[in-house]
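In what follows, a structure is listed as C-alpha cells, so that the remarks can point back to it.
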Amino acid sequence: MDTGVQQVAEAAERLRGEIRKAIAGQDEVVDQLLIALLADGHVLLEGVPGVAKTLAVRSLALACDLPFRRIQFTPDLMPSDITGTSVYVSSSGVFELRLGPIFTSVLLADEINRTPPKTQAALLEAMEERRVTIEGSTQSLPDPFIVFATQNPIEYEGTYPLPEAQLDRFLFKVLVDYPDESAELTVLDLHHRGFRPSRLDEAGIVSVVSALELAPLRAAIAGVQVTAEVLRYIGSLVRKTRGAEHLVLGGSPRAGVALLSGSKAAAALHGRDYVTPDDVMSVYLPAMRHRVLLRPEAEIEGLRPDDVLKNLARQVPVPR
C-alpha cells in the first residue's frame with residue numbers, strides 16, 4: 001500500500017471516530033463528506049429538518065480544527081452580508097474593508113434556497129475561484145475553503161431553486177435520510193445522558209487532523225491510479241445521461257471530473273492507491289443526481305433522478 005494513501009485511510013478512520021461521538025447512523029453521509037473534504041469539493045446536503053445536517057458539518061470542522069462559520073440564508077439576505085463591505089470609520093475618516101463570514105475554512109450555507117438568486121450568486125466566484133471581489137477589491141479565501149449548503153426537500157413556498165450553473169459547482173449532492181431504529185435509539189441515549197448539539201465541545205470531539213495535514217492527504221489522493229478502462233467507464237456513465245429518454249439535461253464534462261475526483265478519494269479512504277468500478281459507483285449518485293434534469297413527464301410518473309441514473313448505469317458495461 002502506498003504510504004500516502006495509508007495515511008489518508010488512517011486519517012479518515014480517526015475522523016469517523018470523532019464524528020461518531022455526535023452523529024449516529026449516518027456513516028454513508030459522513031464518508032461522502034470526508035470524500036468531498038479530501039477531494040477539495042463543495043457539498044449540497046438535502047434532508048428534512050432534524051436529521052443532523054448542520055451537526056455533521058460542525059463535527060467535521062471541529063475534528064479537523066478548521067474555522068467554521070454558519071450563514072442562515074433568508075429572503076432579505078444581501079450579497080454584502082456574505083462577502084463583506086466597506087465601512088466608513090468616522091474616527092479615521094476613511095473607509096475600511098470589513099470581510100464577511102465567507103472568509104472561513106468551513107462555511108455552512110444553511111437553507112441556501114431561501115435567498116434570492118442575486119445573493120446565491122455571491123457564492124459562485126468563491127466556490128469556483130476561491131476568492132471574492134468586494135467593491136472592486138479581490139480577496140483570496142483561506143485554504144482550505146469548502147462550502148456545505150443545506151436545503152429542505154419538503155418546503156418549497158418562498159424558496160428559490162438553485163440554477164443549474166450553481167448546482168454544478170457542488171462536487172456532491174448528499175441526501176440525508178432518517179436514521180434506522182438502532183441509530184435513533186443511540187441518538188436518544190446520547191441526549192438522555194446530557195448531549196446537546198449547542199454544546200458540541202462537551203461531546204469530547206477533539207482535533208485529529210490539522211489544516212496543515214490536509215494538503216499532503218489531498219496530494220496523496222491526486223496520485224491514486226486510474227486505468228484506461230476505468231477512465232472509459234467514467235466517461236461512458238456520464239455520456240449515457242446525455243439524450244436519455246427521461247432527462248432534459250445530462251451530465252457535463254465537469255460531471256465526469258467530479259466522478260473521477262470522488263472515485264479517487266473513495267479509493268484512498270479504503271486504503272487503495274487505485275480506483276475500482278465499485279469506487280466509481282459508490283460516488284456515482286452523489287456526483288450526478290444534481291447535474292441531470294428530469295423531463296416533466298418523468299416527474300409525473302414519480303421518477304427521481306436516482307431512479308433514472310441507476311437504470312442508465314445498469315446499461316453501461318462494467319470493466320473487469
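The values are calculated or read from the model by the stated rules, or taken from the named source; none is laboratory data. Remember, it's a predicted structure, so these values are computed and weren't measured experimentally. Note that we place each Cβ from the backbone using ideal geometry, even for glycine, and neighbour counts take in every protein chain shown. Side chains included, ligands, DNA and RNA excluded: accessible areas come from the protein's heavy atoms. Shrake-Rupley method; radii C 1.70, N 1.55, O 1.52, S 1.80 Å.
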Note to self: I'd like the full set of residues that are of a type in the set (Gly, Ala, Ser) and in a helix (DSSP H, G or I), limited to segment 245-294.
What the structure shows: Ala255, Gly256, Ala258, Ser261, Gly262, Ser263, Ala265, Ala266, Ala267, Ala268, Ser282, Ala287
Margin query: Quick check on this structure: which one of Ala228, Ala220 is small (Gly, Ala, Ser) and in contact (Cβ under 8 Å) with a residue 40 or more places away in the chain?
Written below: Ala220
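Given Val43, Val29, which one is crowded, with 20+ Cβ neighbours inside 10 Å, out of contact with any Phe, Trp or Tyr (no Cβ under 9 Å at 6 or more places or on another chain) and at negative phi?
Details: Val43 fails: out of contact with any Phe, Trp or Tyr (no Cβ under 9 Å at 6 or more places or on another chain).
When all the criteria are applied, what remains is Val29.
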Check: What single numbered condition from (1) of a type in the set (S, T, N, Q); (2) buried (at least 20 other Cβ atoms within 10 Å of the Cβ); (3) over 27 Å from Pro216 (Cα atoms) fails to hold for Ser59?
Finding: (3)
Checklist line | Matching option when the condition is open to solvent by less than 20 Å² (accessible area, probe 1.4 Å), modelled with pLDDT of 95 or more, β-branched (Val, Ile, Thr) and under 22 Å from Phe148 (Cα atoms), among Val257, Val283, Val316 | finding: Val283
Margin query: Name the single residue that is modelled with the lowest pLDDT among those in segment 90-143 being in contact with a strand residue (DSSP E or B) (Cβ under 8 Å, 6 or more places away or on another chain) and among the hydroxyl-bearing types (Ser, Thr, Tyr).
Written below: Ser137
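How many residues does segment 39-72 hold that are assigned to a loop (DSSP other than H, G, I, E, B) and within 17 Å of the chain's Cα centre (by Cα)?
Within segment 39-72, the subset assigned to a loop (DSSP other than H, G, I, E, B) is 39-41, 47-52, 64-67.
Cutting the leftovers down to within 17 Å of the chain's Cα centre (by Cα) gives us 39-41, 47-48, 51-52, 64, 66-67.
The qualifying residues number 10.
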Next item on the list: Scan segment 147-157 for residues that are more than 14 Å from Gly41 (Cβ to Cβ), assigned to a strand (DSSP E or B) and either among the hydrophobic types (A, V, I, L, M, F, W, C) or open to solvent by 10 Å² or more (accessible area, probe 1.4 Å) (or both) and jot them down.
Entry: Gln151
Item checked: Given (1) farther than 20 Å from Val30 by Cβ; (2) in contact with a helix residue (DSSP H, G or I) (Cβ under 8 Å, 6 or more places away or on another chain); (3) not in a helix (DSSP H, G or I), number of the condition Ala313 does not satisfy -> (3)
Next item on the list: Could you check how many residues of segment 204-234 are open to solvent by 20 Å² or more (accessible area, probe 1.4 Å) and in contact with a helix residue (DSSP H, G or I) (Cβ under 8 Å, 6 or more places away or on another chain)?
Entry: 11
Next item on the list: Filter segment 4-18 down to the residues that are among the hydrophobic types (A, V, I, L, M, F, W, C) and within 13 Å of Val224 (Cβ to Cβ), then identify the one that is most open to solvent (accessible area, probe 1.4 Å).
Entry: Ala9
